[in-house]
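> Pasting a structure here, questions to come.
The values are calculated or read from the model by the stated rules, or taken from the named source; none is laboratory data. No experiment lies behind these values; they were computed from the predicted model shown. Positions of Cβ are backbone-derived with ideal geometry, glycine not excepted, and every protein chain shown enters the neighbour counts.
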Amino acid sequence: MMKRRGQNFLVDYAIIERIADYAYLNKRDIILEIGSGTGNLTKILAERAGFVYAIEVDPVLAEGFQNKFDNVKVIKNDALKIDFPDCNKVVSNLPYQISSKIIYRLLTKPFEVAVLMCQLEFAQRMLANPGNAGYGRLSMIVGYFCIAEIVEIVSRSAFKPMPGVESSILRLKPRKDRLKVNELQFLNLVEKLFGNRRKKVKRSLLSLGASREMLEKIDSDLLERRPEELWPDEAANLACLISSRIDQK
């Protein structure tokens, strides 16, 4: 089997079945699948769910399972360039080279659960805690929006062609207890923090428009930390504090 557009195709059908299992599928579900490849996972999703949107940028691959399933709509397009259709669950073997960009897009969309095959190291970065080497912008954003867990580690032998890295099945569930803050302001803050990750938090807040008077009302311990030392909810709280005070000016 050829490797197309950087994709490694999952060919172990027992694992494909378990991916669907982890999403608790039923006939009421509307599924979004990103990077459908040869349609191996699409087939299982079509059997278990009510409807499937399958996005595949490669026209040859997309044509291969076009009209094969009555409850599947194949979208021949780039998942990074289109609006995602409404769905309640996301189940995908993500193309590894665009995994982070897809995750960022998904997190601000409503869904009940997402089950994603991704590179193991990438999944571990998502689950990293402050102070760990892998903790960064991705960890902070995922930690704010979702509860994330690695439900299975997948051997390279489950794919053709065989990738050079280990893979994992990641499950994301939106957090119901997260602090409500303007999502764009939170994302802008995180971008600024990790764009200057060697600088203390205080410097980043000043560059976002916070005055020194505003900063005097924020815990000095937070201001003296660096971005990789902040928990996601602490960053969300900072975004809330500075946005509300800037709005009042």
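> Being over 20 Å from TRP231 (Cα atoms) and either at pLDDT below 95 or in the same structural domain as ILE82 (by TED's automatic domain parsing) (or both): is that true of PRO110 here?
Taking the combined requirement at face value, the residue satisfies it.
> Is it the case that some residue within the range 216-231 is surrounded by fewer than 15 Cβ atoms within 10 Å (Cβ to Cβ), of a type in the set (Asp, Glu), free of Cβ contacts under 8 Å to residues at least 24 places away in the same chain and farther than 24 Å from GLY134 by Cβ?
For the range 216-231, residues surrounded by fewer than 15 Cβ atoms within 10 Å (Cβ to Cβ), of a type in the set (Asp, Glu), free of Cβ contacts under 8 Å to residues at least 24 places away in the same chain and farther than 24 Å from GLY134 by Cβ: present.
> Against the definition (in a helix (DSSP H, G or I) and under 23 Å from ASN182 (Cα atoms)), how does LEU106 come out, yes or no?
Here the answer is yes, as LEU106 does meet what is asked.
This table checks each residue for (1) of a type in the set (D, E, K, R); (2) farther than 17 Å from SER139 by Cα.
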| site | (1), (2) |
| --- | --- |
| ILE169 | no, no |
| GLU183 | yes, no |
| ASN196 | no, no |
| LYS200 | yes, yes |
| MET214 | no, yes |
| SER220 | no, yes |
| GLU228 | yes, no |
| PRO232 | no, no |
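> Being in a helix (DSSP H, G or I) and more than 30 Å from VAL91 (Cα to Cα) is the requirement here; does ARG203 meet it?
On the way: in a helix (DSSP H, G or I): yes; more than 30 Å from VAL91 (Cα to Cα): yes.
Yes.
> List every residue pair whose Cβ atoms sit under 7 Å apart, with the two residues 6 or more apart in sequence or on different chains, where the first one lies in the range 1-18 and is over 15 Å from PRO59 (Cα atoms) and part of a helix (DSSP H, G or I) and the second, anywhere, is at pLDDT 50 or above and among the polar types (S, T, N, Q).
These pairs meet every condition: ILE16/ASN40.
> Same structure, new question: Conditions first: (1) in the same structural domain as TYR53 (by TED's automatic domain parsing); (2) out of contact with any strand residue (DSSP E or B) (no Cβ under 9 Å at 6 or more places or on another chain); (3) not polar (S, T, N, Q). LYS200 passes all but one, so which condition is the exception?
(1)
> Within the range 133-177, track down each residue that is surrounded by 14 or more Cβ atoms within 10 Å (Cβ to Cβ), part of a loop (DSSP other than H, G, I, E, B) and free of Cβ contacts under 8 Å to residues at least 40 places away in the same chain.
GLY134, ARG175
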